[in-house]
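Okay, so here's the structure we're looking at.
Each value in this text was obtained by applying a stated rule to the coordinates, not by laboratory testing. All values derive from a computational prediction rather than experimental measurement. No Cβ is skipped: glycine too gets one built from the backbone with ideal geometry, and neighbour counts run over all protein chains shown.
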Number of protein chains: 2
Amino acid sequence: MRDEPATQLARRLGYSFDDPALLARALTHRSAASEHCERLEFLGDAVLGLVIAEQLHQRFPDIDEGALSRMRAALVCRDSLLKVARRWKLAEQASVGGGERTADGRLRSPSIVANMVEAVIGAVFTDGGWGAARAVVLAAWDEALADIADGDGRDAKTRLQEWTQAHGWGLPEYVIRDAGVGISPRFLAECHIQGVLQGRGTGARKKDAEQGAAGEALRAVKG
Amino acid sequence: MRDEPATQLARRLGYSFDDPALLARALTHRSAASEHCERLEFLGDAVLGLVIAEQLHQRFPDIDEGALSRMRAALVCRDSLLKVARRWKLAEQASVGGGERTADGRLRSPSIVANMVEAVIGAVFTDGGWGAARAVVLAAWDEALADIADGDGRDAKTRLQEWTQAHGWGLPEYVIRDAGVGISPRFLAECHIQGVLQGRGTGARKKDAEQGAAGEALRAVKG
């Protein structure tokens, strides 16, 4: 049974293309063909921007737009894109012109795959729409979103705990369910405050799921 | 029977809020209250960016990402936002602090309502999701999208005609259906090439519907 690179990539993305030509184009650098990734990159950049804006708006209900903008810039920077490119193993699959790889097959410029992350997101959006693209971004950025903190260095769990204690509501409690190795998303977290379910989150790590649940709970108790 | 300002605005938007507090917040300037529009503006800016990116990507299948970026910048500039603000009559409904209006009730700074357009889009997205926000943006930007041309000054109809003639396919033909005054979108256009339906578009003006249909047809014949 063959397991082609595109199939493996689909598994890592958590998305299977109706039109595989879109994915192929997203992985084609301008040095390799005239039908290359850059238009999809333009689209994917906007998709990524909205998914991250939505998440930050939801998870940090009490910080101002200036801080939201700075947090978003940190989440969509070149380093973040390179992390996702490694997770998706794009360097192996990128179609580039001969001059773009060294003798041992490595890409000369890492920017190529950073940009291809956006192109892949644009391809998913074109192929499967907003819901599909949003799910792919959330899965790829779950750790980065869980680790992001506001300008004061406080993440969603910390902020929620400060809020509940300030209001005499004690500490939030988290209940974790583990769907098992290989299932995506693996963890589901529920956040309870004074015994009442206030938020849910999912993630590849317990921490990611808890941060998501804390963000939702913070919005619920403040709203 | 009362017809409140918020109801009138809902009609102009083509969207009715489940949570009217979101719309109220979108219309509240920071000079008027601590719960103001700026976080929704952050979100709406990203929604608007994606809707316009998607439209340009679809309607101009053959131009590069640099030109797409320039066209998007032209479509989301302050002047475009002010046109939509006038269409939605936001200046009348904006909640601003006393110092922000002149003695005769006009806003001192037009930027306030330009920014509120983005906040209203963010509010629709929060209330009704991607599909609702996309529909509101498309209705508000239909003329601007129909009027936009590529770097060479050619709109979608012109580009399609050039393409079909260059390929010996003759002229595209447009069939218009008029749903009637007061129905939104009023016009539906079909674009036929050599008798085959290749694209559909809708709009408040015939021209808008035809440009949309031409863009879809251009994508179809080139794809």
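As a check on your grasp of the helix formula, calculate [θ] at 222 nm for the protein assembly as shown: sum -39500 (n - 2.57) over DSSP H runs of n ≥ 4, divide by the residue count, round to the nearest 500.
Rounded to the nearest 500, it is -18000 deg cm²/dmol.
According to the square roots a ≥ b ≥ c of the eigenvalues of the Cα gyration tensor, what is the shape class of region B:134-194, taking rounded for a/c under 1.5, prolate for a/b larger than b/c otherwise, and oblate for the remainder?
oblate
How big is chain B by the Kirkwood estimate over distinct Cα pairs, in Å?
18.6
Where nothing but the Cβ of Lys and Arg (+1) and of Asp and Glu (-1) is charged, how large is the charge dipole of region A:131-223 around its Cα centre, in debye to the nearest 20?
200
Want the number for B:Arg87 to B:Asp147: 0.36 nm per residue separation, take away the alpha-carbon distance, what's left?
Working it through step by step, the gained length comes to 19.9 nm.
How big is the charge dipole of chain A about its Cα centre, in debye rounded to the nearest 20, if each Lys and Arg gets +1 on its Cβ and each Asp and Glu gets -1 on its Cβ?
400
To test your reading of the geometry: what angle, between 0 and 90 degrees and rounded to tens, separates the Cα axis of helix B:38-59 from the longest principal axis of chain B?
For B:38-59 against chain B, the angle is about 10 degrees.
Order of B:95-102, B:79-86 by packing, highest average Cβ count within 10 Å first?
B:79-86, B:95-102
Which pairs break 20 Å Cα to Cα here: A:Lys89/A:Lys157; A:Lys83/A:Lys207; A:Lys222/B:Lys89; A:Lys157/A:Lys206; B:Lys89/B:Lys207; B:Lys83/B:Lys157?
A:Lys89/A:Lys157; A:Lys222/B:Lys89; B:Lys89/B:Lys207; B:Lys83/B:Lys157
Can you work out the base-10 log of I(q)/I(0) for region A:164-223 at q = 0.19, 0.21 1/Å, using the Debye formula on its C-alpha atoms alone?
Here log10 of I(q) over I(0) equals -0.61, -0.71.
Name the residue farthest towards the positive end of the dipole of region A:19-132 from the options A:His36, A:Leu90, A:Gly131, assuming +1 on Cβ of Lys and Arg, -1 on Cβ of Asp and Glu, about the Cα centre.
Final value for the positive-end residue is A:Leu90.
Just round it to a whole percent: the fraction of Cα-Cα distances in region A:63-152 exceeding 14 Å.
The share of Cα pairs beyond 14 Å in region A:63-152 comes to 69 percent.
Suppose we look only past 21 Å in the calculated P(r) of region A:103-205. What percent of the Cα-Cα pairs does that tail hold?
56
Kirkwood Rh over Cα pairs of the protein assembly as shown into Stokes-Einstein at 4 °C, 1.567 mPa s: D in µm²/s?
D, rounded to a whole number, is 54 µm²/s.
With just the Cα atoms defining each centre, how far is region B:49-88 from region B:152-190? Give it in Å.
19
Can you give me the angle between helix A:78-88 and the longest principal axis of chain A, using Cα atoms only, in degrees from 0 to 90, rounded to the nearest 10?
70
If you rank B:Ile176, A:Ile148 by fewest surrounding Cβ atoms within 10 Å, what's the result?
If I rank by nearby Cβ atoms, fewest first, I get B:Ile176, A:Ile148.
Tell me the distances, shortest first, between B:Gly180 and the same position across the other copies, using label points 7 Å along Cα→Cβ, in nm to one decimal.
The answer, with the shortest distance listed first, is 5.8 nm.
Which value, in debye to the nearest 20, gives the size of the charge dipole of region B:174-223 about its Cα centre, when Lys and Arg are +1 and Asp and Glu are -1 at the Cβ?
Here the size comes out at about 80 debye.
Treat each spin label as a single point 7 Å out from the Cα along the C-beta direction, and report the A:Leu171 to B:Ser69 distance in nm.
4.9
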